[in-house]
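Have a look at the structure below before the remarks.
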Amino acid sequence: MRVRGMTLREIRMRLVTPFETSLDRVMERRIILLEADVDGVTGWGECTAGENPFYSPEDTETAWHILENYLWPMVKGKEFASAAEVWGLLEAVRGHTMAKATLETAIWDAEAKQKNAPLWKLLGGVREEIPCGVSIGVKETLDELVAAVKKELAAGYQRIKIKIKPGKDLLPVQRLRQEFPRIKLMVDANSAYRRTDWPLLKELDGFYLMMVEQPLGWDDLYGHVELQKGLQTPICLDECIHTYEQAEAAIALGACKIINIKLGRVGGFHEARRMQDLCARNGVPVWCGGMLESGIGRAHNIAMSTMENFSLPGDVSASKRYWVEDVIEPEVVVTAAGTIRVPGGAGIGFAVRIDRIEAITVRKERLR
Ligand code: OSB
Ligand code: MG
């Protein structure tokens, strides 16, 4: 296999509802899409970097720069036997996992299309329907939050995750537990707490949460080790885990009991698969996180979620929760049972709406 050329595009997509976390409030996404020509077959990838470097060090601009000036030259003219070898070709670049994943996932899609196989089967996926949860942003009022949760439960979603931040943590959780005593509920702090907040975090133990996601600093592995010792609620790490070695350390040291795997954050399918295997060997369940993706990234997330150890509902939900109009056809829909049926077509299994993409493209670069 050889990548003959690739096209980078930046598209703009306005969210149906602004998404607020302890980090920022997102209203419009700036998304890089990558179209790779692999021996005449087109594969699509999406970059999960945010508009700013608040969630991770990468942002849309750094990802574009790294893709154009480093990653493209590293694959240009190189012969490889499968997409699984692409991660190795990019090894000289440290970090920049989201930029790497953009390219790597596109090549996986192309390989699956070349073989006329669904991407999820090429990855070794085992389920044809994936369990879904939702991630609900910080809301202005408790009533608004309750209404949002009601709506998602009515749509069938199997678990509810809410974003918390200092000042909007215990009360929202307490209220939700009053209203919905039996639902699968969890919280995500996106690193908003410090050592001095431990007493508050320990109070969360009273609410039977499935897990608390990334309570402490994005690189504070030791803090999570110490916190988990005193916390009954399982800690799930997100921002702390960018590499296989970080996952190994987190598990060995007891920093978490669950890991949220995001394709972009870990550098693509090769690393996501290794990480899910590592977690499986250690009895650590994983689930697929989301980054407010368009349909292309969402399709990749669906494929990843079919791998065996993705046993918990992920943050992979219906297109219409994010966009008035998605860039794939059909859009991602969720069943009344709160699942997504994995498509049977080749590659990502959804048609890419190039006309729609062209209409919302603000910059484009062809690399040959
Ligand atoms: O921490 O999981 C997170 C979105 C942007 C950045 C970080 C996170 C999130 C989400 C959204 O929780 C999940 C989704 O795509 O619905
Ligand atoms: Mg998170």
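Between 158, 232, the distinction of being away from ligand 2 (no atom under 15 Å from the Cβ), within 27 Å of residue 319 (Cβ to Cβ), polar (S, T, N, Q) and open to solvent by 50 Å² or more (accessible area, probe 1.4 Å) belongs to 158 only.
Could you say whether any residue in segment 80-101 is in contact (Cβ under 8 Å) with a residue 40 or more places away in the chain, under 23 Å from residue 35 (Cβ atoms) and of a type in the set (Val, Ile, Thr)? Taking every residue of segment 80-101 in turn, at least one turns out to be in contact (Cβ under 8 Å) with a residue 40 or more places away in the chain, under 23 Å from residue 35 (Cβ atoms) and of a type in the set (Val, Ile, Thr).
The residues in segment 304-327 that are away from ligand 2 (no atom under 16 Å from the Cβ), open to solvent by less than 10 Å² (accessible area, probe 1.4 Å) and farther than 22 Å from residue 50 by Cβ can be counted, and the count is 2. Scoring residue 300 on the criteria (1) open to solvent by 10 Å² or more (accessible area, probe 1.4 Å); (2) in contact (Cβ under 8 Å) with a residue 40 or more places away in the chain; (3) over 20 Å from residue 155 (Cα atoms) leaves a single failure, condition (1).
The set of residues in segment 195-225 that are out of contact with any Gly (no Cβ under 8 Å at 6 or more places or on another chain) and at pLDDT below 95 contains only 196. Quick check on segment 126-133. Is at least one of its residues within 30 Å of residue 4 (Cα to Cα), outside the structural domain of residue 18 (by TED's automatic domain parsing) and crowded, with 17+ Cβ neighbours inside 10 Å? No, segment 126-133 contains no residue that is within 30 Å of residue 4 (Cα to Cα), outside the structural domain of residue 18 (by TED's automatic domain parsing) and crowded, with 17+ Cβ neighbours inside 10 Å. Quick one: is residue 38 over 20 Å from the mean Cα position of the chain (by Cα), crowded, with 16+ Cβ neighbours inside 10 Å and touching a residue at least 24 places away in the same chain (Cβ under 8 Å)? Taking the combined requirement at face value, the residue satisfies it. What is the one condition in (1) of a type in the set (Gly, Ala, Ser); (2) within 21 Å of the chain's Cα centre (by Cα); (3) part of a helix (DSSP H, G or I) that residue 88 does not satisfy? Among (1) of a type in the set (Gly, Ala, Ser); (2) within 21 Å of the chain's Cα centre (by Cα); (3) part of a helix (DSSP H, G or I), the lone unmet condition for residue 88 is (2).
Of note, residue 60 does not satisfy the criterion of being under 17 Å from the mean Cα position of the chain (by Cα), among the polar types (S, T, N, Q) and within 16 Å of ligand 2 (Cβ to nearest atom).
Pairing residues of segment 212-238 that are within 16 Å of ligand 1 (Cβ to nearest atom) with residues that are part of a helix (DSSP H, G or I) and of a type in the set (S, T, N, Q), at Cβ distances under 7 Å and at least 6 apart in sequence or on separate chains, gives 235/228. Scan segment 268-294 for residues that are closer than 29 Å to residue 324 by Cα and more than 16 Å from ligand 2 (Cβ to nearest atom) and the total you get is 3.
Within segment 328-349, the set of residues being in contact with a Gly (Cβ under 9 Å, 6 or more places away or on another chain) and under 30 Å from residue 77 (Cβ atoms) comprises 347, 348.
Screening residue 281 with (1) touching a residue at least 12 places away in the same chain (Cβ under 8 Å); (2) out of contact with any Gly (no Cβ under 7 Å at 6 or more places or on another chain); (3) not aliphatic (A, V, I, L, M) gives one miss only, at (1). Considering only residues in segment 41-66 that are of a type in the set (D, E, K, R) and part of a loop (DSSP other than H, G, I, E, B), the one that is most open to solvent (accessible area, probe 1.4 Å) turns out to be 51.
Just one of (1) more than 16 Å from ligand 2 (Cβ to nearest atom); (2) closer than 17 Å to residue 269 by Cα; (3) buried (at least 20 other Cβ atoms within 10 Å of the Cβ) fails for residue 97. It is (1).
Remark: pairs (first residue in segment 124-151, of a type in the set (Asp, Glu); second residue in a strand (DSSP E or B) and open to solvent by 80 Å² or more (accessible area, probe 1.4 Å); Cβ separation under 8 Å; 6+ apart in sequence or on different chains) = 128/341; 129/341. So for segment 80-89 (the condition being in contact with a strand residue (DSSP E or B) (Cβ under 7 Å, 6 or more places away or on another chain) and closer than 21 Å to residue 272 by Cα), does at least one residue qualify? No, that holds for no residue. Would you check if residue 229 is closer than 29 Å to residue 53 by Cα and not assigned by TED's automatic domain parsing to the domain that holds residue 18? Taking the combined requirement at face value, the residue does not satisfy it.
The values are calculated or read from the model by the stated rules, or taken from the named source; none is laboratory data. The structure displayed is predicted, hence computed values, not measured ones. A quick note on method: Cβ atoms are made from the backbone with ideal geometry, for glycine too, and the neighbour counts reach across all protein chains shown. Only protein heavy atoms, including side chains, enter the accessible area calculation; ligands, DNA and RNA are left aside. Shrake-Rupley method; radii C 1.70, N 1.55, O 1.52, S 1.80 Å.
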